[in-house]
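Bear in mind that the values in this text are calculations on the coordinates, not laboratory data. Because the structure is a prediction, the values reported are computed rather than measured. Positions of Cβ are generated from backbone atoms using ideal geometry, with glycine treated the same way; all protein chains shown enter the neighbour counts.
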Amino acid sequence: MDPVFRGWLERINSMDNRMQGKYLRLLPIFLIGLLALVVGAGDAHAASSPCATVSYEGNTYTVCMVDLRHEAVRLFWKTPDGAPYGSLSELPRVLEAGHLLFATNAGMFDPDGRPVGLYVENGRELVRANTKTGHGNFHMKPNGVFYVAGQTAGVLETTAYLKLRPRVDFATQSGPMLVINGRIHPRFAFDGASRKSRDGIGTVNPSTLAVAVSDGEVSFGEFGRLFEERLRCSNALFLDGGTVPSLYIPGERAGNFVPIGPMIGVFGKRQ
């Protein structure tokens, strides 16, 4: 029982019959007011959530839109004692930036949780850019870099990023690119045979990001078209696939079940 409601009843029980009648006549008004507060709080929580289900081409995704004027994006890899966080639910719930809205994985990593490509956290380059050739999704060129600089963000091909060398607060390298200057990655088949759970991040404009996690298995072509056609991203980057794609929303979604490396946390800024 709600403690306010319990206190109301205890107060009534301590009164004589005449006063009890007076207060009981006010009980319906009190209950309506209490219900309005509860529903209003629930609506405010729902309104503050940046994530929603999006259906496109027969697939469903959880898409989280981020407005950098009102939300702050941070990257995380290691805890203050030097060990990888490993779990999205272990990220700080509150920072100077505000309270945690959601978190997801932030690119590929080796068995020890170390990013396999460029990683910048709080302005410090902790892992250098990886321009090697090789097998696997990371090396499906062009790959790219997602970065945050103040209240703006971007996704660039790795070669373009290294040529530009922007001053950034946070950056993570992954691959392949999903959308490059408004066009799908040239190596994607329209509907390839490889279907996996996937997640990625794209830029709608310099202050608006779209983070998408597939609810089922999708091809690269389908995933790229989600960002290009449905979310209207000019550039987008694949973060990972298989068992890694995860989404943590405090009180709503549990996050990852296997340890992961770098992570993205999105925080609601204090007003």
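Quick rundown of the values:
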quantity: In nm, spacing of pseudo-spin labels at residue 270 and residue 167 (7 Å Cα→C-beta vector); calculated: 2.6 nm
quantity: Cα→Cβ-extended label distance, 7 Å offset, between residue 189 and residue 95, nm; calculated: 4.0 nm
quantity: Integer Hz, Karplus 6.51/-1.76/1.60 couplings in order for the range 130-144, x for Gly and Pro; calculated: 10, 10, 6, 8, x, 9, x, 4, 4, 8, 6, 6, x, 9, x
quantity: Pairwise FRET efficiency - residue 133 versus residue 65, Cβ, R0 = 35 Å, nearest 0.05; calculated: 0.50
quantity: Phi to ³J(HN,Hα) by Karplus 6.51 cos²θ - 1.76 cosθ + 1.60 over the range 156-173, Hz, x for Gly, Pro; calculated: 10, 4, 4, 5, 5, 5, 5, 6, 6, 6, x, 7, 10, 8, 9, 7, 9, 9
quantity: Per-residue HN-Hα couplings for the range 254-268 [Karplus 6.51, -1.76, 1.60; θ = phi - 60°; Hz; x = Gly/Pro]; calculated: 7, x, 7, 10, 10, x, 10, x, x, 9, 10, x, 10, 10, x
quantity: Rule-of-thumb Rg ratio for the range 84-231 [Cα; 2.2 N^0.38 Å; N residues]; calculated: 1.04
quantity: Label point distance in nm, residue 160-residue 230, each placed 7 Å from Cα along Cα→Cβ; calculated: 2.4 nm
quantity: Amide H contacts under 5 Å for residue 101, placed H, 5+ residues apart; calculated: 266, 267, 268
quantity: Using a Förster distance of 35 Å, the FRET efficiency for residue 79-residue 217 (Cβ separation, nearest 0.05); calculated: 0.60
